[in-house]
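One structure is given here, and the rest of the page talks about it.
Taken together, the values in this text are just the output of simple stated rules run on the coordinates, not laboratory data. Fair warning: this is a prediction, and the values are worked out from it, not measured in the lab. For neighbour counting, all protein chains shown are included, and Cβ atoms are generated from backbone atoms with ideal geometry for every residue, glycine included.
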C-alpha cells in the first residue's frame with residue numbers, strides 16, 4: 001500500500017469524509033490515513049479457492065478451528081489477530097515485502113528472551129483500535145479509559161524491547177510509529193478512578209482532588225443540608 005496520490009481517489013475520499021461528517025456529526029480524528037490498495041500486489045484467490053483451502057473458516061463447521069488461521073494464530077492482542085487474518089486472506093507476492101516480513105520473523109525467532117518479554121507486554125495491551133474509536137465517538141466509559149491507560153503504560157517497554165531487536169533496522173518502521181503518548185496516560189492516571197463504574201452516569205468516575213469545582217458539587221450532593229445551611233448563613 002502507498003499514499004493516495006491519484007486525483008480521482010482523493011476526490012472520492014473527500015466525498016466519503018464529508019458524508020461521514022454529515023451523518024456522524026462528531027470528530028473523525030480516529031480515522032487512519034487513507035492508502036492506495038492495489039489488488040495486484042497480493043495473490044489472487046477467488047472465494048472458492050479460499051474456501052477449499054480453509055484459510056479462515058472450516059469447511060464443515062464454518063468456524064475458525066481447524067483452519068490455517070487457527071494453526072498460526074498465537075497473537076496476544078485483538079489487533080494482532082485481525083492483522084494476521086488480513087495477511088492470510090491477502091498473501092504477498094512482492095519478493096522484497098515477503099523477505100522483509102521473513103526477516104522480522106527470523107529476528108524474533110532468534111531472540112528468545114526478547115520475544116518472550118514482548119509477548120508478556122502485549123498480553124497487557126487492550127484493543128487500542130476499538131478504544132480509539134470509542135473515544136472519538138464519545139461512547140467511552142471509565143473502564144475503557146483504564147484499559148487505555150494500562151495499554152499505554154506498556155508502550156515504553158515494548159519500544160525498548162523492539163529497539164533491542166532492531167540490530168539491522170528491521171523494525172525501524174514499527175519503532176517509529178510507537179508513540180507512548182505519556183501525557184494521555186498521565187492525564188487518565190490523575191483524573192480517573194482506578195476502579196470506575198461501567199456507566200459514566202453512576203458517579204465516582206473522577207478522582208477527588210482533580211477538579212476543585214467538581215469536588216464542591218460532590219460535597220454538596222453528599223452533605224446537602226449542611227451546605228444549604230452554610231449558604232443561607234452566608235447570604236444573611
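Just a few scattered comments:
- With the convex hull of its Cα atoms as the shape, the stretch 112-205 has an orientation-averaged projected area of 6.7 nm².
- Most fluctuating residue given options 213, 195, 114, as computed from a GNM of the chain linking Cα atoms under 10 Å: 213
- Selected from 219, 144, 89 as most flexible by GNM, with the chain as the system and alpha-carbon contacts under 10 Å: 219
- Expected 222 nm ellipticity per residue - DSSP helices of 4 or more, -39500 (n - 2.57), all of the chain, to 500: -18000 deg cm²/dmol
- Approximate spin-label separation residue 93-residue 74, in nm, with each point projected 7 Å along Cα-to-Cβ: 3.1
- Sorting the segments 228-235, 181-188 by their residues' average number of neighbouring beta-carbon atoms within 10 angstrom, most packed first, yields 181-188, 228-235.
- For the chain, the longest principal axis of the Cα atoms and the long axis of helix 155-165 meet at an angle of about 30 degrees.
- Rounded, prolate or oblate (a/c below 1.5 giving rounded, otherwise prolate when a/b exceeds b/c) for the stretch 42-93 by Cα gyration tensor: oblate
- Cα long-axis angle, helix 182-191 against the chain (0 to 90 degrees, to the nearest 10): 40
- Note on P(r) over Cα pairs in 10 Å bins from 0, in percent: of the candidates (1) 7, 27, 34, 23, 8, 1; (2) 6, 19, 26, 25, 12, 6, 4, 2, 0; (3) 7, 30, 33, 20, 8, 2, 0, the value calculated from this structure sits at (2).
- Among 35, 135, 200, residue whose mean-square fluctuation peaks in a GNM of the chain (springs only between Cα atoms under 10 Å): 35
- When you restrict to C-alpha pairs under 8 Å that are six or more residues apart and normalise by the size of the chain, the relative contact order lands at 14 percent.
- Using alpha-carbon coordinates, inclination of helix 78-89 to the longest axis of the chain, degrees: 20
- Value of relative contact order over the stretch 141-212, rounded to a whole percent, pairs C-alpha under 8 Å and six or more apart: 42
- The shape of the stretch 40-177 comes out oblate: with a ≥ b ≥ c from the C-alpha gyration tensor, a/c is at least 1.5 while a/b does not beat b/c.
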